[in-house]
Amino acid sequence: MIKDSDEERDITVNRKARHEYTIIQTYEAGIVLQGTEVKSLRMAKANLVDSYAIVKDGEVWLVGTHISIYDQGSINNHEPTRTRKLLLNKNEIRKLIGKVKEKGLTLIPLRLYFKNGKVKVELALVKGKKSYDKREAIAKKDFQRDQERKIKY
């Protein structure tokens, strides 16, 4: 029997990311949060659109993620769009520093989720797609969808 805390549960997903970028590699990172942020995340009040990660002074920071203010919070509520520290292995950070310096590569969060009661971020090293790449990806999806429909009938 699997306990509720042993499984992963998505909080929010950045759907736009898979359309806008080509994903090269993904990482799982912990995130440093305040108490009211966790409570707000349990109610799935977060938004990853337009957020990204930067590497500064040997640490990785998540910028632009919006976690709504907790409704029952007091004066000690958190700032919704504050910069949050991500927890990664030193070796992973070293690799990321080298790869982010390459031209055209950036770090973006793909999803926020609970894993064993802790909030995790799926971070992706990505390269931006050109508009013709996006059209090509849409055409492939449409073709596959049509093929599946033909096989069905």
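Read the figures in this text as sums done on the coordinates, not as results from a lab. Since we're looking at a predicted model, the values are computed, not measured. Positions of Cβ are backbone-derived with ideal geometry, glycine not excepted, and every protein chain shown enters the neighbour counts.
Taking region 85-108 only, how many residues are within 17 Å of VAL32 (Cα to Cα) and out of contact with any helix residue (DSSP H, G or I) (no Cβ under 8 Å at 6 or more places or on another chain)?
Residues flagged as within 17 Å of VAL32 (Cα to Cα) and out of contact with any helix residue (DSSP H, G or I) (no Cβ under 8 Å at 6 or more places or on another chain) within region 85-108 amount to 6.
Test each condition in (1) over 17 Å from the mean Cα position of the chain (by Cα); (2) closer than 28 Å to LYS130 by Cβ; (3) hydroxyl-bearing (Ser, Thr, Tyr) for TYR52 and report the one that comes out false.
So the condition that TYR52 fails would be (1).
From the list GLY64, GLY30, GLY35, exactly one residue is on the phi > 0 side of the Ramachandran plot and of a type outside the set (Lys, Arg). Which is it? Spell out the reasoning first.
Numbers: GLY30 fails: on the phi > 0 side of the Ramachandran plot; GLY35 fails: on the phi > 0 side of the Ramachandran plot.
Only one candidate qualifies: GLY64.
For region 25-53, give me the residue count where each residue is in a loop (DSSP other than H, G, I, E, B), closer than 18 Å to GLU8 by Cα and among the acidic types (Asp, Glu).
Result for region 25-53: 0.
For region 121-134, enumerate the residues that are of a type in the set (D, E, K, R) and exposed (fewer than 11 other Cβ atoms within 10 Å of the Cβ). Give the steps one after another, and end with the answer.
Of region 121-134, the ones of a type in the set (D, E, K, R) are 122, 127, 129-130, 133-134.
Selection gives LYS130 alone.
Given (1) among the acidic types (Asp, Glu); (2) in contact (Cβ under 8 Å) with a residue 60 or more places away in the chain; (3) not in a strand (DSSP E or B), identify the lone condition not met by GLU122.
Of the numbered conditions (1) among the acidic types (Asp, Glu); (2) in contact (Cβ under 8 Å) with a residue 60 or more places away in the chain; (3) not in a strand (DSSP E or B), the odd one out for GLU122 is (3).
Restricting the search to region 119-153, which residues are closer than 29 Å to ILE93 by Cβ and among the small types (Gly, Ala, Ser)?
ALA124, GLY128
Among the residues of region 88-101, count how many are surrounded by 15 or more Cβ atoms within 10 Å (Cβ to Cβ) and not in a helix (DSSP H, G or I).
The number of residues fulfilling the criteria is 1.
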